[in-house]
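Readers should treat all values here as calculations from the given coordinates under stated rules, not as data from a laboratory. In this text, all values refer to a predicted model and were calculated from it rather than measured experimentally. In this analysis, Cβ positions are derived from the backbone assuming ideal geometry, glycine residues included, and neighbour counts consider all displayed protein chains.
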Amino acid sequence: MLHLLIGLALFLGIHSLQSLAPHVRRSAQQKWGALGYKGVYTAISLLGFYLLVQGWGTARLEPVVLWTPPRGMQHATLLLMWVAMVLLAAAYVPGNHLKSKLRHPMTLSVKVWSLGHLLSNGNLADVALFGGFLLWSVLVFRAARQRDRSSAHSAPEGHLLGTLLTVLVGTGVWAAFVMGGLHLWLIGVMPFTRAG
């Protein structure tokens, strides 16, 4: 569990600098240079990710149950995961209405993903992992929206074709995870038997 918490602190902490502590980021870039900062950023990200995956995997072997989700929560998680995958696609597919309106679909994707998984997972490690990501995404999205309001830059215009492509790509990724076995292969859990 300690590895999971350290991993979360490192991974989410380094990914918070741009939104929550831009002065720290600027100071580090001035001190180490752009390339040096990217190297440190990448190293901390990879170490944090390794520790949180390893810590979560270990904690799942001896779960501490905080609550038992009702079985219907799996269906809510599956639906929310579809929304999360469409939002994730919106971050990368150019010219879609979702990115034009929401501005930060990647952060919203993390928010929906983590909330969906909290609904259907009641172990301590799950609550720490998904709760940590939920808290991070709420804070980062709020900071990003405040930055948007103070900026004169307008969002790129969305088009119907880009929006349709976004929904198709997101649905395809969702189907690969839910029905194509990708979730089982990557995470070791089948969504229909236990959403998580």
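Quick look at the values:
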{"quantity": "Nearby aspartates and glutamates by direct alpha-carbon distance to LYS99 (threshold 15 angstrom, same-chain neighbours under 8 apart not counted)", "calculated": "ASP148, GLU157"}
{"quantity": "Percent of Cα-Cα distances greater than 20 Å, calculated over the range 110-196", "calculated": "55"}
{"quantity": "³J(HN,Hα), Karplus 6.51/-1.76/1.60, whole Hz, each residue of the range 103-119, x for Gly, Pro", "calculated": "6, 10, x, 5, 5, 5, 4, 5, 4, 5, 4, 5, 4, x, 6, 5, 5"}
{"quantity": "Bins of 10 Å from zero: percent of alpha-carbon pairs in the range 116-155", "calculated": "28, 33, 21, 15, 2"}
{"quantity": "Centre separation in Å (Cα based) which lies between the range 49-69 and the range 96-173", "calculated": "24"}
{"quantity": "ASP148, ASP126 arranged by Cβ crowding within 10 Å, fewest neighbours leading", "calculated": "ASP148, ASP126"}
{"quantity": "Check: the range 72-196 dipole with +1 on Lys, Arg Cβ and -1 on Asp, Glu Cβ, in debye", "calculated": "340"}
{"quantity": "Whole-Hz couplings from phi, Karplus 6.51/-1.76/1.60, listed for the range 13-23; x for Gly and Pro", "calculated": "x, 5, 7, 9, 4, 4, 8, 9, 9, x, 5"}
{"quantity": "For the range 113-196, with +1 on Lys and Arg beta carbons and -1 on Asp and Glu, the positive-most of TRP185, HIS117, SER154 along the dipole", "calculated": "SER154"}
{"quantity": "Extreme residue, positive dipole direction of the range 3-160, given options GLY48, VAL24, ILE6 (C-beta unit charges)", "calculated": "VAL24"}
